[in-house]
Amino acid sequence: MSMTQICLILIVNSLLLLSSKVESFPPGSRSILREFSKDNAVSTDYAVDFNITNFDAVLRDTLATFAIIEFFAHWCPACRNYKPHYEKVARLFNGPDAVHPGIVLMARMDCALKINNELCDRFSVAHYPMLFWGPPSKFVSAAWESKEEKSVIRVIDDGRTAEKLLSWINKQLGSSYALDDKKFENEQLLSNISDPGQIVHAVYDVEEAKAIAFEIIFEHKMIKSENRASVIKFLQLLVAHHPSKRCRKGSAEVLVNFDDLWPPDEKQEIVSNGKSMLGNFQICGKEVPVGHWMFCRGSKNDTRGFSCGLWVLVHSLSVRIEDAESQFAFTAICDFINNFFICEECRQHFYRMCSRVEGPFNPSSDFALWLWKAHNTVNERLMKEEASLGTGDPNFPKIIWPPKQLCSSCYLSHGQRDDGTSWIDWNKDEVFKFLINYYGKALASPFKDKDLLGSEVIDGAIDDLAASTNAVVVPVGAALAIALASCACGAIACYWRLRQKSRKYYHIHSLKNI
């Protein structure tokens, strides 16, 4: 072997050894730039890294009302110096620990990467860094020209420091955010009593509530042979009537694969990697919110949140069902809460209310009004407990719902009893109309589904008011038919791929029921 060949072999081996120690990073990521810092510590980036592959998808599905996109080049010294300023502001709005979530999505696009050249050209990027502001949906498949005077996408011309950028944002929003704001402090929470339009934001909360509920069920290994039917019935209800289209699709996929996730044989036990399997089904889509409570956000960390989201979810289901589904919906919700809600006292109180119902529900209005009455019963009980213990949310005390500010026509008369408690004579027809409008028509999903929807857009959001099905969802066969119809071809393909990949694993490891 010649010396040249030996040298070549040594060089190749060295390169292979080096490459095995270097982590790969996705296009557009600047993690590799952070990796070799002086102290080898990776700093937290709050701004989202964009590239041509995720630009439209993230902007289409974001929770935020507005977006700021910084176009930069990683070789630009001014961009590197500006990054700490941008991150100070991004900390307030981005990520699960955001101080003011759901308002502004802050992102970056590296124009020095060839993959992004076309996108940067579309926005006529003339210098670095260059900041754009606008509604997220307006950036999707869009372009910008400097000569455009009426474009909703605007250039931020005075954001060279964190202070200036936040001041610019405050002027646009009429807000008074500060760089030293901390979570749940100085938060100007709007009251859902005075602003009925806020319920539109609750679609994010019912998505998160559903995801958390099933996460709890799995992590606590709560599904047994005796309660499998209650999970299936609740999934059937979600497939047909969840207000979020992506949650209906996710529920359908879990329902189709239910026996693989939770085998019916009592002698079997779910495999140890079952949680990751469930994650593959994305029960409410790829970007289910985590910690971004919007309508259900409390003024303190330990108030509202999941319990509020779950109430909104069941109310939204109750106003979407058909008359023939009323009793099924009632038993599905009552059984699900009884079997899987892990607040023991709450579970017992709710199931006692369910048990006191004597006859079957017929019109859908009967079930919706029963659930409304049950919620007010819970609020009355908690009102007294929270008042005596001081554990309530000062900005969102428990009240009888709906208040007069939201539905004055719901009240025929009201007054005070001798013992200090209040009484209300309700106009139940008006209450039902309110519930239909509030938890039905106003609670819509803004997420677009290319496979199942056309291009109809209302004010930048998809008109996703769930159309009620005429089918009764009691039979499992009918539920599976609904599930299969709800799943797009991509979901079915994903299912078969998962089956093929997991077949070998299932062959090796026997399954036992939890």
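Remarks
- Backbone HN-Hα couplings from phi across region 381-392 [Karplus 6.51/-1.76/1.60, Hz, Gly and Pro as x]: 5, 5, 3, 5, 5, 5, 5, 6, 9, x, 9, x
- Excluding ligands, DNA and RNA, the accessible surface per residue across region 87-182 is 49 Å² with a 1.4 Å probe.
- Expressed as a whole percent, the accessible area of region 309-445 that falls on carbon and sulfur atoms is 51 (1.4 Å probe).
- Accessible surface ranking that places the most exposed of Thr62, Thr377, Thr53 first, with a 1.4 angstrom probe: Thr53, Thr377, Thr62
- Relative packing of peptides 295-302, 216-223 - highest average C-beta neighbours within 10 Å first: 295-302, 216-223
- Cβ crowding within 10 Å averaged over residues, with 89-97, 156-164, 65-73 ranked highest first: 65-73, 89-97, 156-164
- Sorted largest first, the principal axis extents computed over the alpha-carbon atoms of region 81-169 equal 33, 28, 25 Å.
- Scalar couplings 3J(HN,Hα) for region 225-235, obtained by applying the Karplus form with A = 6.51, B = -1.76, C = 1.60 to θ = phi - 60°, are 4, 7, 10, 4, 4, 5, 5, 4, 5, 5, 5 Hz; x denotes Gly and Pro.
- Dividing the convex hull volume of the alpha-carbon atoms in region 334-446 by its residue count gives 169 Å³ per residue.
- With coordinates expressed along the principal axes, the C-alpha atoms belonging to region 108-148 extend over 25, 20, 15 Å, beginning with the largest.
The values are calculated or read from the model by the stated rules, or taken from the named source; none is laboratory data. Keep in mind that what you see is a predicted model, and the values were worked out from it rather than measured. Glycine gets a Cβ as well: all are built from the backbone with ideal geometry, and neighbour counts include every protein chain shown. For the accessible areas, the whole protein counts, side chains as well, though only heavy atoms, and no ligand, DNA or RNA atoms are used. Shrake-Rupley method; radii C 1.70, N 1.55, O 1.52, S 1.80 Å.
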